[in-house]
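First comes the structure, then the notes that go with it.
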Amino acid sequence: MTIHLRRLVIGVVSALALACAAPAVAAGLTNAQATVQSGATITTENVTTQSGQDSWTATPATLSTTTSFSVPRENGPASVTTSSVATWSASGLSGAATLTDGWDFPLQPLGVGVHFDGVGWSYTFTPTEDVVFTLTYDVVATGPVQFGLQGYRFSQDELVTGLAANNPIFDPSGAGTLIRNLSGGVSHTVSLYTTGNISNGGGFIGSGTETGQFSFAITSSGGPTEGGVPEPASWALMIAGFGLAGAALRRRRTAALA
């Protein structure tokens with residue numbers, strides 16, 4: 001094999017290797033905005049509600065909000081704490097959030113209840129192309145009164161998925177990964193929230209807290225991925241290269257016979 005032919009074959013093989021090993025193509029987003037919320041209601045003879053919110057538009061930023069308050073009762077206060085903290089990369093294509101919701105019930109007369117209000121984390125964006133949204137989550141619960149916490153729910157364009165591994169009323173914990181394919185050029189909203197609620201009328205006395213750790217990534221659903229199959233353009237390059245190599249071999253064999 002001549003030096004020129006050897007170089008040609010090496011070039012074709014190298015191009016094919018690059019096509020198979022290239023990383024996923026980065027996606028792009030427009031019209032991005034995000035909000036975190038914290039809020040709860042304590043119900044006694046009266047209804048006490050408090051809430052907080054933080055948001056950004058167009059430019060990703062770190063968001064944080066915490067709501068913590070209590071209502072005096074005969075045997076000590078009924079209290080609740082809820083918080084949301086979230087970060088985004090500069091491109092908005094990845095980020096993380098921590099949501100915490102909990103309560104504390106001393107011995108109380110009947111009729112004291114708590115429920116959490118609002119969406120803890122919400123992200124709206126329009127991808128410039130078809131993308132894959134990947135959410136990784138890990139939710140744990142602590143305290144003797146986990147009943148009623150109910151874990152967290154993930155909503156994608158109003159399609160809701162519960163993240164608790166078992167019955168969320170009794171066990172709010174869960175861990176795993178969700179993957180959603182989202183169309184480009186269309187606005188999408190993804191969110192995380194809890195519907196936890198409890199009343200000590202059922203004899204539940206003590207504290208309970210659930211904490212969710214979440215991270216997400218948005219990647220292009222097109223283009224080659226690591227270890228993937230080459231796209232048609234890559235196959236065309238490879239076939240053309242081997243065709244040239246074959247032609248060169250035939251010319252060399254013809255010249256030798258002459």
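Filtering the stretch 151-170 to residues that are crowded, with 16+ Cβ neighbours inside 10 Å, at pLDDT 90 or above and not basic (Lys, Arg) leaves 151, 152, 154, 156, 163, 164. Of the strands (runs of 3 or more DSSP E) that lie entirely inside the stretch 70-163, those containing 3 or more residues that are within 25 Å of the chain's Cα centre (by Cα) and under 24 Å from residue 27 (Cβ atoms) span 78-88, 94-105, 119-127, 131-142, 153-156. Residue 55 meets the conditions (1) surrounded by 15 or more Cβ atoms within 10 Å (Cβ to Cβ); (2) modelled with pLDDT of 95 or more in every case but one. The failed one is (1).
Entry remark, the stretch 58-69: residues being outside any strand (DSSP E or B), surrounded by fewer than 17 Cβ atoms within 10 Å (Cβ to Cβ) and not hydroxyl-bearing (Ser, Thr, Tyr) number 2 in total.
Within the stretch 124-155, which residues are under 15 Å from residue 183 (Cβ atoms) and of a type in the set (A, V, I, L, M, F, W, C)? First the steps, then the outcome.
First, the residues of the stretch 124-155 that are under 15 Å from residue 183 (Cβ atoms): 124-133.
Passing the criteria: 125, 131, 132, 133.
Take the conditions within 20 Å of the chain's Cα centre (by Cα) and without any contact (Cβ under 8 Å) to a residue 24 or more places away in the chain and apply them to residue 65. Does it pass? No.
The values are calculated or read from the model by the stated rules, or taken from the named source; none is laboratory data. For clarity, every value in this text was computed on a predicted model and none was experimentally measured. Positions of Cβ are backbone-derived with ideal geometry, glycine not excepted, and every protein chain shown enters the neighbour counts.
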